[in-house]
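What follows is one structure encoded as structure tokens, with my remarks underneath.
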Amino acid sequence: MNTRGIFQLMRRHTLTSFLTFAWAALMAVNGWAAENQRPNIILLLTDDQSYNSLGYAGNTQVETPNLDRLASEGLIFDAAYDSTSICMASRAQVMTGMYEYKTGCNFSHGPLHRDKWQNSYPVLLREAGYFTGFVGKFGFAVKGEDGDSSYHHNEDLPMDSFDYWCGWPGQGSYRTKENEFFLQYAYKHPHVTQAVGAASSDFIKAAKNENRPFCLSVSFKAPHGPMSLIRHSMKCMPTQRGKRRRTTTKRERPIYPSKPRAAASI
């Protein structure tokens with residue numbers, strides 16, 4: 001994931017939907033089509049990103065070279081539509097393949113019930129022998145029928161449904177150190193977008209020791225507002241009149257890497 005590119009596309013969008021990239025067999029060894037060999041699966045999910053805020057979609061104001069490469073080497077579903085353009089409902093749909101009227105999951109409706117979660121792709125693949133992992137923002141609750149839609153605590157999330165978990169409840173924070181399961185990445189990767197990438201890489205390294213295929217679900221917080229830039233990605237952006245403006249405001253300061261400290265205080 002190109003960190004610079006993902007933060008340059010933070011701007012107001014007319015859509016509140018997700019842009020989902022599913023790349024099956026990305027890490028398969030010796031070809032996923034081989035007999036009796038099941039593909040490894042990585043799903044990358046971005047938050048509140050409009051469909052046309054990508055270089056390959058013709059947008060000249062953003063830089064997304066890695067996603068553009070996936071598009072050039074893969075398959076683009078350019079006639080696909082988001083049936084529920086709101087965060088929680090869309091996430092439940094991605095996980096289960098069901099419309100909202102079947103999941104019943106949305107902010108004002110309630111959580112995803114546990115019996116329906118059992119038919120989600122992470123659960124089914126794990127039952128089929130896959131090594132499964134989740135990294136990032138989960139975004140909805142999995143509870144019993146008497147539960148509410150709140151997803152702001154770890155116990156609201158199906159953490160034990162995965163072999164590897166590095167996620168957070170609620171919206172989480174762009175500051176890595178404020179996300180419980182990401183503390184080990186906070187010093188080297190103070191911005192959570194970088195930390196999500198590092199945790200995903202660690203999962204793939206761990207999966208190499210498993211004698212089975214893997215499925216990794218990666219859910220970035222970016223480019224969900226408020227805008228939060230990494231120091232080295234800051235730049236001035238042109239306006240329609242050709243002038244240049246800063247991409248940060250007084251309220252939304254960039255996140256800087258920490259200065260080296262003693263190991264005991266890190």
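Summary of values
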| read-out | value |
| --- | --- |
| Approximate spin-label separation Y51-R126, in nm, with each point projected 7 Å along Cα-to-Cβ | 3.3 |
| Net charge of Cβ neighbours under 14 Å - reference N179; Lys, Arg +1; Asp, Glu -1 | +2 |
| Cα-based shape type of region 156-205, given that a ≥ b ≥ c are square roots of the gyration tensor eigenvalues and the cut on a/c is 1.5 | oblate |
| Whole-number percent relative contact order across region 131-214, with pairs defined as alpha carbons under 8 Å at least 6 apart | 29 |
| Cα gyration tensor category, rounded, prolate or oblate, for region 53-117 with a/c compared to 1.5 | prolate |
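All of the numbers you see were taken from the coordinates with simple rules; none came from a lab. Keep in mind that what you see is a predicted model, and the values were worked out from it rather than measured. Heads up, the Cβs are rebuilt from the backbone with ideal geometry, glycines too, and the neighbour counts pull from every protein chain shown.
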